[in-house]
1. Please specify each residue of the range 56-109 satisfying the condition of being outside any loop (DSSP other than H, G, I, E, B), more than 12 Å from the chain's Cα centre (by Cα) and without any contact (Cβ under 8 Å) to a residue 60 or more places away in the chain.
2. Taking the range 1-32 on its own, how many of its residues are under 19 Å from E69 (Cα atoms), assigned to a loop (DSSP other than H, G, I, E, B) and in contact (Cβ under 8 Å) with a residue 60 or more places away in the chain?
3. Which of the residues spanning the range 42-55 are in a loop (DSSP other than H, G, I, E, B) and either closer than 21 Å to N9 by Cα or in contact with a Leu (Cβ under 6 Å, 6 or more places away or on another chain) (or both)?
4. Give the range 7-31 a look and list any residue that's among the hydroxyl-bearing types (S, T, Y) and surrounded by 12 or more Cβ atoms within 10 Å (Cβ to Cβ), or say none.
5. Please indicate, with yes or no, whether at least one residue in the range 54-77 is closer than 17 Å to Q103 by Cα, of a type in the set (K, R) and either loosely packed, with under 13 Cβ neighbours inside 10 Å or modelled with pLDDT of 95 or more (or both).
6. Quick test of your reading of the structure: Y39 fulfils all but one of (1) in a loop (DSSP other than H, G, I, E, B); (2) surrounded by 15 or more Cβ atoms within 10 Å (Cβ to Cβ); (3) among the aromatic types (F, W, Y). Name the failing condition by number.
7. Please enumerate the residues belonging to the range 59-109 that are over 15 Å from I32 (Cβ atoms) and of a type in the set (D, E, K, R).
8. Find the residue count for the range 33-42, including only residues that are acidic (D, E) and touching a residue at least 40 places away in the same chain (Cβ under 8 Å).
Amino acid sequence: MSAIITTQNTELTQHVIDMIKTCFDPEIPVDIWELGLIYEVNLDTENNLEVKMTLTSPSCPVAESLPVEVENKLKGVGGIKTAKVVLTFEPPWTKEMMSEVAQVELGFM
């Protein structure tokens, strides 16, 4: 599964994705983009950003801190007016949501 991206500004969206790729689940040595934890990236015409993400499980130890870290980093992306991270568990995350890069890195392929 890859993230749903809605935007007209592909350059700014790429900066957002690059920033997301600097965020890691501390228990897994792969960034959250490659893990498939990002479900949606929505950037409106006024550069207000909303990112819908999940965690590997609802009881993940970083449930309180990781979404806040992601949101704070995204607020620092030049050109972004506002940034909001929405946490969801629908659909539940599965290892099949990982990119091939992540699956290789973690030994699933």
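1. N72, K75, T82, A83, K95, E100, Q103, V104
2. The total comes to 3.
3. D44, T45, E46, N47, T54 - these are the residues of the range 42-55 that are in a loop (DSSP other than H, G, I, E, B) and either closer than 21 Å to N9 by Cα or in contact with a Leu (Cβ under 6 Å, 6 or more places away or on another chain) (or both).
4. If the condition is that a residue be among the hydroxyl-bearing types (S, T, Y) and surrounded by 12 or more Cβ atoms within 10 Å (Cβ to Cβ), then T7, T13, T22 are the ones that fit.
5. Taking every residue of the range 54-77 in turn, none turns out to be closer than 17 Å to Q103 by Cα, of a type in the set (K, R) and either loosely packed, with under 13 Cβ neighbours inside 10 Å or modelled with pLDDT of 95 or more (or both).
6. Single failed check for Y39: (1).
7. Residues satisfying the conditions are E64, K75, K81, K84, E90, E96, E100.
8. 1
The values are calculated or read from the model by the stated rules, or taken from the named source; none is laboratory data. All figures in this text were calculated on a predicted structure; none of them were measured in a lab. A quick note on method: Cβ atoms are made from the backbone with ideal geometry, for glycine too, and the neighbour counts reach across all protein chains shown.
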